[in-house]
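The values are calculated or read from the model by the stated rules, or taken from the named source; none is laboratory data. For clarity, every value in this text was computed on a predicted model and none was experimentally measured. Quick reminder, even Gly has a Cβ in these numbers, built from the backbone with ideal geometry, and neighbours come from all protein chains shown. Note: accessible area is taken over every heavy atom of the protein model, side chains too, but ligands, DNA and RNA are not part of it. Shrake-Rupley method; radii C 1.70, N 1.55, O 1.52, S 1.80 Å.
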Amino acid sequence: MEVKYRTVIGESKSGSLAVFPAPHQYFYPLDEAFNLKFTWKGSNYLNLIPDFGIGIRQDPLGDKRYVPWFNAPPNTRQRLNFFCLLSTGKADAALAEVKKFTHNDTYVPLAGYKTMASHFHNEFISDVVLSGKAIPEKPEFVDVLKKAGLNIVKLAEFHGPGHPKGPDSIRLKELDALFKQTKRLSDSNFLLLPGEEANNFYGGHWLAFFPKPVYWMMSRKSDLPFETDDPKYGKVYRVNDKAEMLKLLEKEQGLAWTAHARTKASTGYPDKYKEEDFFKSETFMGAAWKAIPGDLSLPTLSKRVLNLMDDMANWGLKKHIISEADIFTITRQNEMYAHLNVNYLQMDKLPNYADGWKPVLDVIREGKFFVSTGEVLIPKFNINGKGAGETLKIDNNGKAKINMQLNWTFP
């Protein structure tokens, strides 16, 4: 059955029984959040259960694609768990209790923080704005992200249909449409920010993020300079190699980071460029986290990036990890919450789009945030009095006092 909140409920005269999973553990990582009908009811289910039953299940064929991101290593004990909630009320009362575990599938506000999600290939500009279709005043994807409790959303447009290397007439038009639409769709409580998964010059997949609209081409002919002035668009950069990419990020105070590090098209990265000047520079923030691969034998949602954090520190570098969604389509019908994650940035207020969003990049650059799938929150955290992103030295006795305030829903 195609349901919302991942829940199936059996109801009788004397009460109800709800069956549901812990969403972020249960759903294996994909780049789509399609609702694949993960709940079932009926008799003779899969020719295995002759009597009537209800439950949750993974489709044996998934969404019918080869996806090597869900793995059960040999000789591991996989925790195929789920929850049952008993209620003396009707089904709607049971569902109201289930929804509390995910805060109604939203990222709850925390004092002193703003929520940010990154890496969305919605391709609104190519598929809608520049396709000749009617441009909706309130696009569905914006409504979905706002209702999820997100304050800041960083896009990764032009991942497939764009023209990052030109020609100029198309590339600049695409960027201009991106900047105009993100500005139009932003307000005092929601920042929709332009961004791209550049995938040129450095190696593997990586994201570029500037603190204001920047017109740039991911190519440069030998007879053209690095920087020109266009009569319509103003300053335009043309980048030819990794040295010029670093130069652009430094000049415009931008940030870069490895997308889905050590997996997918970034297999082997950032390790392969850890000695490069661009990686060691302050413009390269680090990498991004998503629960890939799914492995139900682990006590955490993937240790791939936890290991990378240790390694980058052991390389002698101060790098950070933000979360990434890496999702293509965003609709009300999708199973969005289970595939999302969020960064709680230490910010009291959102910047105005027209003034640029440098404060957002500053918080990320300084590491003043924590990552969450939504069910576990860390309103306060410090080690020996030092907060997130700060540096401390352990004293001679080697002891550290960790202070944190934790809120969580699932047991």
Requested in this report: Residue by residue through region 343-357, note down the ones that are closer than 23 Å to Y107 by Cβ and under 22 Å from the mean Cα position of the chain (by Cα).
Outcome: N343, Y344, L345, Q346, M347, D348, K349, L350, P351, Y353, W357
Query raised in the report: Given the residues A313, A288, A256, which is the only one that is among the aliphatic types (A, V, I, L, M) and within 26 Å of A72 (Cβ to Cβ)?
Result: A288
Query raised in the report: Is there a residue in region 8-16 that is assigned to a loop (DSSP other than H, G, I, E, B), of a type outside the set (D, E) and surrounded by fewer than 16 Cβ atoms within 10 Å (Cβ to Cβ)?
Result: yes
Query - Neighbours by Cβ (under 7 Å, 6+ apart or cross-chain): first from region 239-265, farther than 16 Å from T228 by Cα; second in a helix (DSSP H, G or I) and open to solvent by 60 Å² or more (accessible area, probe 1.4 Å) - result: L246/D277; Q253/K358; L255/R365
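Scanning region 200-236 for residues that are of a type in the set (S, T, Y) and within 28 Å of the chain's Cα centre (by Cα), which turns out least open to solvent (accessible area, probe 1.4 Å)? Before the answer, list the steps.
Step one: list which residues in region 200-236 are of a type in the set (S, T, Y), which gives 202, 215, 219, 222, 228, 233.
Checking the rest, the ones that are also within 28 Å of the chain's Cα centre (by Cα) come to 202, 215, 219.
Details: Y202: 15, Y215: 31, S219: 38 Å².
In this case the residue turns out to be Y202.
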Query raised in the report: Which one of the conditions (1) of a type outside the set (D, E, K, R); (2) at pLDDT below 95; (3) under 30 Å from P29 (Cα atoms) does W257 fail to meet, given that it meets all the rest?
Result: (2)
Requested in this report: Evaluate the following for A91: is it closer than 28 Å to S372 by Cβ, among the aliphatic types (A, V, I, L, M) and either modelled with pLDDT of 90 or more or crowded, with 16+ Cβ neighbours inside 10 Å (or both)?
Outcome: no
Requested in this report: Would you confirm whether any residue within region 253-275 is out of contact with any helix residue (DSSP H, G or I) (no Cβ under 8 Å at 6 or more places or on another chain) and closer than 16 Å to F210 by Cα?
Outcome: yes
**Report entry** Scope region 25-65; condition aromatic (F, W, Y) and either open to solvent by 40 Å² or more (accessible area, probe 1.4 Å) or touching a strand residue (DSSP E or B) at 6+ places or on another chain (Cβ under 7 Å) (or both); matching residues
**Finding:** Y28, F34, F38, W40, Y45, F52
Query raised in the report: Considering only region 252-293, how many residues are assigned to a loop (DSSP other than H, G, I, E, B) and among the aromatic types (F, W, Y)?
Result: 1
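Just the residues that are acidic (D, E) and not in a helix (DSSP H, G or I), please, taken from region 136-164.
Looking only at region 136-164, we keep the residues that are acidic (D, E), and these are 137, 140, 143, 157.
Within region 136-164, E137, E157 meet the criteria.
Of all residues in region 115-164 being among the polar types (S, T, N, Q) and modelled with pLDDT under 95, which is most open to solvent (accessible area, probe 1.4 Å)?
Taking the candidates together, the pick is S131.
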Requested in this report: Please name all residue pairs, on different chains or six or more residues apart, with Cβ atoms under 6 Å, provided the first residue is in region 41-61 and is closer than 18 Å to C84 by Cβ and the second residue is assigned to a strand (DSSP E or B) and open to solvent by 60 Å² or more (accessible area, probe 1.4 Å).
Outcome: F52/S43; I54/K41
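Do we find that T267 is closer than 23 Å to A338 by Cα and among the polar types (S, T, N, Q) in this structure?
Judged against the criteria, T267 is not a match.
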Query raised in the report: Residues of region 40-61 being in a strand (DSSP E or B) and more than 19 Å from L296 (Cα to Cα), which ones?
Result: W40, K41, G42, S43, N44, Y45, I49, P50, D51, F52, G53, I54
Query raised in the report: What tally of residues in region 363-399 results from selecting those that are within 29 Å of T106 (Cα to Cα), basic (K, R) and either in a loop (DSSP other than H, G, I, E, B) or open to solvent by less than 20 Å² (accessible area, probe 1.4 Å) (or both)?
Result: 1
Requested in this report: Looking at (1) farther than 28 Å from H119 by Cα; (2) surrounded by 15 or more Cβ atoms within 10 Å (Cβ to Cβ); (3) among the β-branched types (V, I, T), find the lone condition where T76 falls short.
Outcome: (2)
Query raised in the report: Which one of P109, P68 is surrounded by fewer than 16 Cβ atoms within 10 Å (Cβ to Cβ), modelled with pLDDT under 90 and closer than 25 Å to T373 by Cβ?
Result: P68
